[in-house]
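Chemist: Below you'll find the structure I mean.
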Amino acid sequence: MSAECEMDHSYAMPNVNDNSNALLKKIQNVYANKLLNDITLVVGGISYPAHRFMLCISSDVFETMLMNSTWSDSHQEVIELQEVPQCIEVFPVFLQYFYTGVITLEQSNIMPMLVLADKYNVKDLTALCVEYMCEHIADAADQGQLVTWFQYVLSLNQPTTINALYYCKIWQDTECMDIKPPWNKLLKACRNYIKWNLDSCIKCFNTFQCDILVGLLKQSDLVIHDEMQLFGCVASWLNYQSAEKLLECNDPDTIEDYMSSLTEHVMSFIRYPMILPRQMAQLLMVPVVKQNKDFFVDKMAAAMEYNLVKMEKRSDTEHILECTPRLYTCERWGNSFRVRTKTIPNYQSIKRDIVTRSSLFDREREVDEESNWEIEMFLKGMCFGKAMLMSWRGSIELPEVIIKTVRATIKMKLRPEDIGKVARHVRVAILVYAVQNKIVHVVTVVQKVVLFDTNQNLITIDDLMVYDAVNQPTINEDLIHINDTNVSYFMSDRIPLKFHVIITPIIPGLTDTHIGTRIQHVHI
């Protein structure tokens, strides 16, 4: 994927387009033919003739270097710049942008181009790079670059004081980091894509820095098939770290001690009680478990207690995260369904039934305990017809009301004999999928903690999706984008909408209830 981007420099005067274009062509000719250059930049052993004037008006950093007499470079005709190998390769394109205002961005050059734009404070190019990256988040994951993008943005915006809490908060939808535009938009897009589409980030999972990975493992809104799959991802990450350590150290004892400590640190954040007992036997065959047997046997034994002994309440919060389900997409906790909006009449809804486990743990005596739910989606808005309001003063005619919103309702279905006896304290989550550059992924996550009982057996969630993006007709299969990025709910008329509903039990005193009610969007 590539994109050609054009930006006018700040010296272009308004309302004089013809003169500006003529001037720009002259400037491009001066650069192309190496005319009147008064300075030479040396990068990676290659000389690039340039002009102080163009460098200064394009870059704040070059302006300081060349205009401030206290800098030694201001008196030099030849300046050598130290750049990393990736930046050396794209430097001629970077420099040419100063003169032409045109640049072609693609996956292969976007990171080094952004590094140069940020290093030399070329603000318009930085904005172009961030815009490109926001429009190619899914591609970056597919090509194994997304974690690198995310960690780079963090490195530019991290506070002076960093602790373990910081690495946890960077994965949450919070303003505590106070990141300014345009970085905040890119950070949020990368962060949420990784959290909610981890299975499509396998190619870049091994590039996580340790503290950032640990912060991710602490999150309860991590979308994954099940905890076993997450365990496999972390085991692969540990194998990669071991191979990297082997390249820099030839001492087996040192490597063994290092990997043992690293394994215990990272694997402590896997939620072992969420692994089914029948899956535990599979763990014993994993090499990292064999190499750290004592640690993992203790973890597995403690997890099995929850499945063998009724431990529904504890007096401390030490185990509150390990007994909190993540957003698991396996059939145990919910199901996905697809909808073609063209088959739905205006203001009509669609209904789906799903079945979930009522027990958090896999106990034999609770094997038949299930919960039945009715999911209703109002994708075409709602229409309330004319009505008469009766009061002691007389009757009042109420006009027809049309509400343009995408609404979801979740209803607990009870048998007659269960009414007044059954209550379900659960976390409800709805995953909404969208498409970017033909890659389908989760773009919105809704979470809500609810107590369903006889008094409240139904909840309503409005504005689940962008109404116009769902309901405006497409012309020649042109996509209606959700926002200012190229993310749409449809790939074409042949590809339906996709949802996934997840309902997991909440046990007060044992599982985390600090989820509240929120709707989060990846790209909005």
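Chemist: Scan around Met465 for amide H atoms under 5 Å from its own, H built in the peptide plane at 1.01 Å from N, and keep only partners 5 or more places away or cross-chain.
Modeler: Val406
Chemist: Report the percentage of all Cα-Cα pairs in region 206-326 whose separation exceeds 18 Å, rounded to a whole percent.
Modeler: In whole percent, the long-distance tail amounts to 54.
Chemist: Note down the net charge around Ser155, summing +1 for each Lys or Arg and -1 for each Asp or Glu among other residues with Cβ under 13 Å from its Cβ.
Modeler: Every neighbour counted, the sum reads -1.
Chemist: Still on this structure, please answer the following. Within region 403-461, report the trypsin sites (Lys or Arg not before Pro) that DSSP leaves as loop and that have at most 14 other Cβ atoms within 10 Å.
Modeler: Taking region 403-461 and a limit of 14 other Cβ atoms within 10 Å, the loop trypsin sites (Lys or Arg not before Pro) found are Lys404, Lys421, Lys438.
Chemist: Pop the C-beta distance of Val422 and Glu106 into the FRET formula with R0 = 60 Å and round what comes out to the nearest 0.05.
Modeler: After rounding to 0.05, the efficiency reads 0.60.
Chemist: Oh, and also: Starting from the residue with the highest accessible area, list Tyr467, Tyr193 in decreasing order, probe 1.4 Å.
Modeler: The ranking, largest first, comes out as Tyr467, Tyr193.
Chemist: Calculate the FRET efficiency for Asp298 and Gln209 from the Cβ-Cβ distance with a Förster distance of 41 Å, rounded to the nearest 0.05.
Modeler: The formula returns an efficiency of 0.95 here.
Chemist: Taking only DSSP H segments of four or more residues, each worth -39500 (n - 2.57), what value at 222 nm results for the chain once the sum is divided by all its residues, to the nearest 500 deg cm²/dmol?
Modeler: Taken over the chain, the calculation gives -11000 deg cm²/dmol.
Chemist: Can you tell me the accessible area per residue over region 364-431, all protein chains present, probe 1.4 angstrom, in square angstrom?
Modeler: 63
Chemist: How long is the gain from Lys404 to Asp178 if the chain were fully straight, where each residue apart is worth 0.36 nm and the alpha carbon distance is subtracted?
Modeler: Difference between extended and current length: 78.0 nm.
Chemist: Additional query: By a straight-distance test (C-alpha under 29 Å), which lysines pair with Lys386 as possible cross-link partners, with residues fewer than eight away in the same chain excluded?
Modeler: Lys342, Lys351, Lys404, Lys411
Chemist: Right, another one. If you count the DSSP beta bridges with both ends in the chain, what percent of them are antiparallel, to the nearest 5?
Modeler: Percent antiparallel among DSSP bridges in the chain is about 90.
Chemist: Could you state how much accessible area His136 has, in square angstrom rounded to the nearest 10, with a 1.4 Å probe and all protein chains kept in place?
Modeler: 10
Chemist: Let me check I've understood the local charge: for Gln76, count other residues with C-beta under 12 angstrom from its C-beta, Lys and Arg +1, Asp and Glu -1. What total comes out?
Modeler: -3
Chemist: If you don't mind, another one. Would you list Tyr97, Tyr48 from the most to the least accessible area, probe 1.4 Å?
Modeler: Descending accessible area places them as Tyr48, Tyr97.
Chemist: Once the mean 1/r over all distinct Cα pairs of the chain is inverted, what Kirkwood radius in angstroms do you read off? Intermediate values should be presented prior to the final figure.
Modeler: Values: mean 1/r = 0.0371 Å⁻¹.
One over the average 1/r among Cα pairs gives 27.0 Å for the chain.
Chemist: If you don't mind, another one. Around Gln107, under 13 Å between beta carbons, what's the net of Lys plus Arg minus Asp minus Glu among the other residues?
Modeler: -3
Chemist: Continuing with this model, one more query. Could you work out how far apart the two model spin labels at Trp71 and Ser358 are, taking each label as a point 7 Å from the Cα in the direction of the beta carbon, and quote it in nm?
Modeler: Result for the modelled spin labels: 7.1 nm.
Chemist: Which percent of the accessible heavy-atom area of the chain goes to carbon and sulfur, probe 1.4 angstrom?
Modeler: Working: 13330 of 26290 Å².
The computed percentage sits at 51.
Chemist: So, one more: Using a 1.4 angstrom probe on the protein heavy atoms only, line up Glu131, Glu248 by accessible area, largest first. Don't jump to the answer; show the numbers that get you there.
Modeler: Details: Glu131 100, Glu248 135 Å².
In descending accessible area the options line up as Glu248, Glu131.
Chemist: With charges only on Cβ, +1 for K and R and -1 for D and E, what is the dipole size of region 143-270 about its Cα centre, in debye, rounded to 20?
Modeler: With only Lys, Arg, Asp and Glu charged at Cβ, the dipole is about 740 debye.
The values are calculated or read from the model by the stated rules, or taken from the named source; none is laboratory data. Being a predicted model, the structure only gives us computed values, none of them experimental. Positions of Cβ are backbone-derived with ideal geometry, glycine not excepted, and every protein chain shown enters the neighbour counts. The protein model used for the area step is the full one, side chains on, heavy atoms only, and it has no ligands, DNA or RNA in it. Shrake-Rupley method; radii C 1.70, N 1.55, O 1.52, S 1.80 Å.
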